[in-house]
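The values are calculated or read from the model by the stated rules, or taken from the named source; none is laboratory data. Only a predicted model underlies this, so the values are computations on that prediction, with no experimental measurement involved. Here the Cβ is made from the backbone with ideal geometry for all residues, glycine too, and neighbour counts use every protein chain on show.
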There are 2 protein chains.
Amino acid sequence: MEAEIIAVGTELLGVQRVDTNSLFITDQLNALGVEVRRKMIVGDHRELLTASIKEALDRVEIVILTGGLGPTEDDLTRDAVSAATGRPLIFSDDLRDAIAARFRSFNRKMAEINLRQAYLVEGAEPLENPNGTAAGQWLEHEGRVVMLLPGPPHEMKPMFLNHCLPRLEKGLPAQVIRTRFYRVAGMGESDLDQLIAPVYTKYENPVTTILAAPSDIQVHLRARCSTAEEAEALLNEVGPPIEALLGDRIYSRNGDPLEVVVGQMLVAKKATLAVAESCTGGQLGQRITSVAGSSNYFVGGFLVYSDSMKEKLLGIDAALLAEHTSVSEAAAKAMAEGARQRTGATYALSITGEAGPESSTGAPVGTVFIGVAGPDGSDARKLTLPGDRARIRTFATQAALDLLRRKLA
Amino acid sequence: MEAEIIAVGTELLGVQRVDTNSLFITDQLNALGVEVRRKMIVGDHRELLTASIKEALDRVEIVILTGGLGPTEDDLTRDAVSAATGRPLIFSDDLRDAIAARFRSFNRKMAEINLRQAYLVEGAEPLENPNGTAAGQWLEHEGRVVMLLPGPPHEMKPMFLNHCLPRLEKGLPAQVIRTRFYRVAGMGESDLDQLIAPVYTKYENPVTTILAAPSDIQVHLRARCSTAEEAEALLNEVGPPIEALLGDRIYSRNGDPLEVVVGQMLVAKKATLAVAESCTGGQLGQRITSVAGSSNYFVGGFLVYSDSMKEKLLGIDAALLAEHTSVSEAAAKAMAEGARQRTGATYALSITGEAGPESSTGAPVGTVFIGVAGPDGSDARKLTLPGDRARIRTFATQAALDLLRRKLA
């Protein structure tokens, strides 16, 4: 079964109001095994909205509209569904009485205009709205289902859960969704795709989705079957060969970001961590401490943005910087060692490099060294990173955390 | 002129990734007087995407697609535009060379699969993408314009601004847009709205928009007239009374964020800055150093996440912490003074507090002290901040930067 969602309202096209209803509805539908194929946001235009509804009805079994059920001339959802299905609007005395009662309960007089909200598309069942005046509507039309739901999330959500979900469940074949999820560090999207495509392209079920963010890739497998056993069996067929190909580049199987994974490893080892950051200026510390409870393993660190601070705060030899510059393997190692020694932490991570837009040492922009110091000595790695200042910094912190993850593994 | 925007990608239908590109594009188009009538999010289905493009081309002059330009089998935008317009895909040697050069510059080998990105819809002009491998495309087709833009915002935005906007402006009727812009620190959205609504609600032109992010509010005035003089005259009528009401809470009139404004003030005073961060763990340094050229005034700082690090790295008296705890005015002052003294910077900022979810000192979550030390001594302020860990930390860094701004003013 497939669905389209249409959010109605010119205000949702601008930057001030973002449609979040469709996210909630998508989540609910996916859990039922219903796939959302398209979402639309349509301004308050009668013909465009009518055409959009018709197009959706031509293609999918379930069409869900949110918004446009208010009392004003701009509220066109009822009219558009009527026009798209060829079913007239019928005035409902029951709905009028319910609206009037609601106004009375607030000691307010019902405005004439609110009578617009008492019209039902012919054949539709009204859906009660305890949180507003706009009743919802559930319409079965030529083998399709059309839902008209109010726009405010606090009205839409309970209506969907209490009235739409039970009706949907009755009509659906029993279907179960099971998922598997990997987060991967240390490779680009196209390299990863090339590596695992030979496995996943053999299967339409589970569906494989690859999501790429700077320096972080997520691989989702989603199996849809009539029983949980079948779905798990499919995932057990496709998941392990993908895991084998990705190997230790997989750092999370439950969605945790790298800073959480590294934190858990430090806690398990009863180890502590310090940082020394140059070009990232605090981003590494910020990410590590974004995790609640990070005070259990993160002790602190040093922002050493200039050579003189590297000498002063970390005790790095001026001769070392003169010989190798601050953007060097030697500097990265010395920074990690200095931070470890001056804080007494078990491990220390360092980052030094050229984030751009200009280079101060002559090394090309994007050249970054990450270092790690621990009980077994220190180590550093050179990175050549693409993109602008913000991306270079994000890549660098991700690579530094991944370096520590591999050290702790 | 009217437009539709189509965001392409199954991942955008779920709850984990939200399309924000269309908000940016809508804003840009509105400023040109182009109305966006409908937005769609379409999953990676070849036929549905082709049909969606056809439907949009039937109705509006401008169709903008974002996403689906990657190298994988799932990236269908090129194919769908080709199918919807009946124009074949043509392999471009120039695009292939550009992609290969990009890979070479990172010392990476171009994967075979990346050749998919070298196809142009017949008749389309390629749009350069300095931030990724996916070139954009600008296609004029039967009196319509179709733009194919990459999905990642950091690739899409500069491409739209540098290549699409100038082409669009050429084709549009002369209309002049003039804007005024304020960024405001230190007050909430509803307080601000209540303060300035009596002024701006009197005018339909300019349009006033208030955008709120944690601890940062932007007020936009946008006048649309047939001449620049008329537009400026309108802004000169509405702007000054709003400025008078907001006073020195306005920190920027050109869109610069607070870290840029403070950086410019430091440069003007030939002063330098250091930081000492506890609960923000590096976020303040990260923000300051997100500005290109910040090495001209930012020297570095200390992440002192535990009491013992506050003593060890900043020389704070253990007795002071025992008496006042680390979440206190005395601790914030001592941290700023210690950072200033140990780095030799002209000014130092400090942040210490309870970001939650649990309190370690007994102070309620959301209690934060910010401190500043300078040539005239030190100062601290207590904040009581709402929200979760991430919001408390963001509010705290914004308040600390604003404290320095007022000190430097």
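Identify, by number, the condition in (1) under 17 Å from A:VAL60 (Cα atoms); (2) of a type in the set (A, V, I, L, M, F, W, C); (3) at the interface with chain A (Cβ under 7 Å from one of its Cβ atoms) that B:LEU49 doesn't meet.
Result: B:LEU49 fails condition (3) only.
Against the conditions (1) within 30 Å of A:ALA390 (Cβ to Cβ); (2) charged (D, E, K, R); (3) without any contact (Cβ under 8 Å) to a residue 12 or more places away in the chain, where does B:ARG287 fall short? Just the number, please.
(3)
Do we find that A:ILE5 is within 18 Å of A:ARG144 (Cα to Cα), facing chain B (nearest Cβ under 10 Å) and in contact (Cβ under 8 Å) with a residue 24 or more places away in the chain in this structure? Explain how you work it out, then say what you get.
Details: within 18 Å of A:ARG144 (Cα to Cα): yes; facing chain B (nearest Cβ under 10 Å): yes; in contact (Cβ under 8 Å) with a residue 24 or more places away in the chain: yes.
So A:ILE5 fits the description; yes.
What number of residues within segment B:150-161 are closer than 28 Å to B:ILE113 by Cα and either basic (Lys, Arg) or not in a loop (DSSP other than H, G, I, E, B) (or both)?
Here is the first cut: in segment B:150-161, the ones closer than 28 Å to B:ILE113 by Cα are B:150-160.
Filter again for either basic (Lys, Arg) or not in a loop (DSSP other than H, G, I, E, B) (or both), leaving B:153-160.
Number of matching residues: 8.
Just one of (1) exposed (fewer than 14 other Cβ atoms within 10 Å of the Cβ); (2) among the aliphatic types (A, V, I, L, M); (3) closer than 19 Å to B:ASP27 by Cα trips up B:VAL207, so point out which.
Just one mismatch for B:VAL207, condition (1).
Going through B:ALA268, B:ALA244, B:ALA223, B:ALA274 one at a time, which residue ends up being over 20 Å from A:ALA355 (Cβ atoms) and crowded, with 18+ Cβ neighbours inside 10 Å?
On the way: B:ALA268 fails: crowded, with 18+ Cβ neighbours inside 10 Å; B:ALA244 fails: crowded, with 18+ Cβ neighbours inside 10 Å; B:ALA274 fails: over 20 Å from A:ALA355 (Cβ atoms).
Only one candidate passes the filter, namely B:ALA223.
Of the residues that sit in segment A:379-409 and are crowded, with 19+ Cβ neighbours inside 10 Å and either on the phi > 0 side of the Ramachandran plot or hydroxyl-bearing (Ser, Thr, Tyr) (or both), which one is nearest to the other protein chains (Cβ to nearest Cβ)?
A:GLY387
Can you tell me which residue within segment A:13-45, out of those that are closer than 14 Å to B:ALA7 by Cβ and of a type outside the set (Val, Ile, Thr), is surrounded by the fewest Cβ atoms within 10 Å (Cβ to Cβ)?
Applying the filter and picking the extreme gives A:LEU23.
Has segment A:21-28 got at least one residue that is touching a residue at least 60 places away in the same chain (Cβ under 8 Å), in contact with a Pro (Cβ under 7 Å, 6 or more places away or on another chain), more than 11 Å from chain B (Cβ to nearest Cβ) and part of a helix (DSSP H, G or I)?
yes
Which numbered condition trips up B:VAL267, out of (1) within 14 Å of chain A (Cβ to nearest Cβ); (2) at pLDDT 95 or above?
So B:VAL267 meets the others, but not (1).
If you take the residues in segment A:291-303 that are facing chain B (nearest Cβ under 7 Å) and either free of Cβ contacts under 8 Å to residues at least 40 places away in the same chain or within 28 Å of the chain's Cα centre (by Cα) (or both), which one is farthest from B:GLU358 (Cα to Cα)? Walk me through it before giving the result.
Going residue by residue through segment A:291-303, those that are facing chain B (nearest Cβ under 7 Å) are A:292, A:295, A:298-303.
Filter once more, keeping what is either free of Cβ contacts under 8 Å to residues at least 40 places away in the same chain or within 28 Å of the chain's Cα centre (by Cα) (or both): A:292, A:295, A:298, A:303.
Numbers: A:ALA292: 8, A:SER295: 11, A:PHE298: 16, A:LEU303: 27 Å.
Result: A:LEU303.
How many residues does segment A:60-106 contain that are touching a residue at least 40 places away in the same chain (Cβ under 8 Å) and on the phi > 0 side of the Ramachandran plot?
Total satisfying the criteria: 2.
Please go through segment A:1-20 and pick out each residue that is part of a helix (DSSP H, G or I) and among the polar types (S, T, N, Q). Even if it seems obvious, please write down each step before you answer.
Taking segment A:1-20 and keeping what is part of a helix (DSSP H, G or I), we get A:10-13.
A:THR10, the sole residue that qualifies.
I'm told B:ALA233 meets every condition in (1) surrounded by 16 or more Cβ atoms within 10 Å (Cβ to Cβ); (2) of a type outside the set (S, T, N, Q); (3) at pLDDT 95 or above except one. Can you identify the failing condition by its number?
(1)
For residues that are surrounded by fewer than 16 Cβ atoms within 10 Å (Cβ to Cβ) and aliphatic (A, V, I, L, M), tally how many sit in segment B:141-176.
The qualifying residues number 5.
Among the residues of segment A:274-289, are any of a type in the set (A, V, I, L, M, F, W, C) and modelled with pLDDT under 95? Steps first, answer last, please.
If we filter segment A:274-289 for residues that are of a type in the set (A, V, I, L, M, F, W, C), which is where we start, we get A:274-276, A:279, A:284, A:288.
Checking which are modelled with pLDDT under 95 leaves us with none.
Within segment A:274-289, not a single residue is of a type in the set (A, V, I, L, M, F, W, C) and modelled with pLDDT under 95.
Could you pull out every one of the strands (runs of 3 or more DSSP E) wholly within segment A:55-149 that has 2 or more residues that are under 39 Å from the mean Cα position of the chain (by Cα) and in the same structural domain as A:PHE24 (by TED's automatic domain parsing)?
Those strands (runs of 3 or more DSSP E) span A:62-66, A:119-121, A:125-127, A:136-141, A:144-149.
Considering only residues of segment A:30-46 that are more than 10 Å from every other protein chain (Cβ to nearest Cβ) and part of a helix (DSSP H, G or I), which is nearest to B:VAL207 (Cα to Cα)?
A:ARG46
Here's a check for you: in segment A:184-204, which residue that is surrounded by 15 or more Cβ atoms within 10 Å (Cβ to Cβ) and away from chain B (no Cβ under 12 Å) is farthest from A:GLU2 (Cα to Cα)?
A:GLY186
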